[in-house]
Amino acid sequence: MPYLEQMVKGVKAMGLESCMTLGTLTDSQAQRLAGAGLDYYNHNLDTSPEFYGNIITTRTYQERLDTLGKVRGRELRCAPVASSGWAKRKKIVPDCCCSWPTCRHRRKACPSTCW
């Protein structure tokens, strides 16, 4: 964790915004990253809740939402991304995106990878 904190501080020292994708976070890790100045935390939901168990077996959908809650609780901005392959299953994108409003500081413009 100290290495990651130093990276964030280095990016901030250059006057840039910082964004990381690290997977599941503990409360302590989220707090430390926020304290280092992290701006955005990218945390993919992978798919909608109804399909999650069919696609991901290493963690639960709730674990993903819990991490988003920890990020939100530390006033970090969320940067979730949906896979462009989801366009083939039109119902998945809206179902998954319904989970994103739990982040108070969503980006004003959705990255192109969302659709």
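What does the charge count around residue 16 come to, taking other residues whose C-beta lies under 15 Å from its C-beta (Lys +1, Arg +1, Asp -1, Glu -1)?
On the way: positive: 9, 12, 77; negative: 17, 39.
Net charge in that neighbourhood comes out at +1.
What ³J(HN,Hα) values, in whole Hz, does the Karplus curve 6.51 cos²θ - 1.76 cosθ + 1.60 give for the range 46-52 when θ = phi - 60°, with x put for Gly and Pro?
Taking θ as phi minus 60°, the curve returns 6, 6, 7, x, 5, 9, 3 Hz for the range 46-52.
FYI, it's all coordinate maths here, none of it is from the lab. Since we're looking at a predicted model, the values are computed, not measured. Here Cβ is always computed from backbone atoms with ideal geometry, including for glycine, and neighbour counts include all displayed protein chains.
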